[in-house]
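Read the structure below first, then the notes.
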Amino acid sequence: MSDSASGGFDMVSVEEIQFACLSRGFAKTLIAPLDRVKYLLQCQGELQRLGRLDEPFRGALGCTKHVVSVEGWRSFLRGNLVQVGGILPSMLSQYFIAIPFQRTVFDVLPHSTAATYTIASFASGMAGALGGAIVSYPLDFARFRLAVDVRPWQGAAYEFRHSLDLFSHPAIVESPHSAYRGLGLFLAGSLLYRGVYLSTFQLIMPFLPSDSQCERSRAAMAVQVLSGFGLVSLATIWLYPIDTIRRRMMLAVTHEEGQYVSAVQCARVILQREGPAGFFRGAGFAVFRGGVTTMLAMVLGLNVS
């Protein structure tokens, strides 16, 4: 049994952690403007419902023009500070919470047969994801809420000045668990994303060029890269409605009259107000963002995740 299967991990040096934090911070800063546009496109219907936006954006270009004219270029990095600052705590939570959780659950459950091994792997993976989210999810919540906090017109004030202002909001102070709103959808979406990606990959793998062919031919390498990007794009669009519902529930947390009782209620409101297209706001831009991320990973060797 390998260490990775049982949830074990190799200890890393301080220098490796420092390099990982710096490289991820640089990569996330490069992608931050694309993330903000994606969030605003995805949640524009919710921003209108909550009175934070007067009219919808006319695509990604219209969203970009609005942000530049009303808030300025620097605002594209809004929320990035808490995102970069949260890299180290998130990494440490993976090493000292998520991986031990995963290893413990895997070791406790029976895994002598193929069926029990699959169940143990699934359960331990979910336990690890949940353990890591204890620290990382509130940070992601703060980053998202600051990024989606848009000024409706020039001179208007932000709802939150910074992350401390967000976490001091009465809705968060009185109900700290609100910072975990949508966590169940996040875990379910991550699991489904992995399942869609892996199952589709297994179907097309016999038709893809091998690694040895990619080493000899640039065309074969291009086919392999484009196929991987296509699989990521397919899984992203397929599960985009889940992410839309999660993000809109996170956005409504601080608005007492606009909060959702459940994900089902949120889905119903989106369907009634915007139709099926409401679940896919910004999906095309999310695919574009994925392509930029892939290029950064290939050209610069940066990890944005």
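Values in this text are rule-based calculations from the coordinates and carry no lab data. Note that the structure is predicted; figures quoted are calculated from it, not measured. Positions of Cβ are generated from backbone atoms using ideal geometry, with glycine treated the same way; all protein chains shown enter the neighbour counts.
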Subject >> Using alpha-carbon coordinates, inclination of helix 59-71 to the longest axis of the chain, degrees >> reply: 60
Subject >> Computed [θ] at 222 nm, deg cm²/dmol, the chain (DSSP H ≥ 4; -39,500 (n - 2.57); rounded to nearest 500) >> reply: -22000 deg cm²/dmol
Original post:
When Lys and Arg each count +1 and Asp and Glu each count -1, what net charge do the other residues less than 11 Å away from residue 28, Cβ to Cβ, add up to?
Top reply: +1
Original post:
By how many degrees, between 0 and 90 and to the nearest 10, does the Cα long axis of helix 283-299 differ from the longest principal axis of the chain?
Top reply: 50
Subject >> Fraction of the pair-distance distribution of the range 92-174 above 21 Å, Cα-Cα pairs, percent >> reply: 52
Original post:
Taking only Cα atoms, what is the 0 to 90° angle, nearest 10, from helix 263-274's long axis to the longest principal axis of the chain?
Top reply: 60
Original post:
If the viscosity is 0.692 mPa s and the temperature 37 °C, what Stokes-Einstein diffusion coefficient in µm²/s follows for the range 11-299 when Rh is the Kirkwood radius over Cα pairs?
Top reply: 157
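What order do you get for 137-149, 268-280, 199-211 when each peptide is scored by the mean count of other beta carbon atoms within 10 Å, highest first? Each step should come with its number before you reach the end.
Numbers: 137-149: 23.0, 268-280: 14.5, 199-211: 11.2.
Those peptides, ordered most packed to least, come out 137-149, 268-280, 199-211.
Ranking request for peptides 164-176, 237-249: highest mean number of other beta-carbon atoms within 10 Å first, then the rest in descending order. Write out the running numbers ahead of the final one.
Details: 164-176: 13.2, 237-249: 20.5.
Going from most to least packed, we get 237-249, 164-176.
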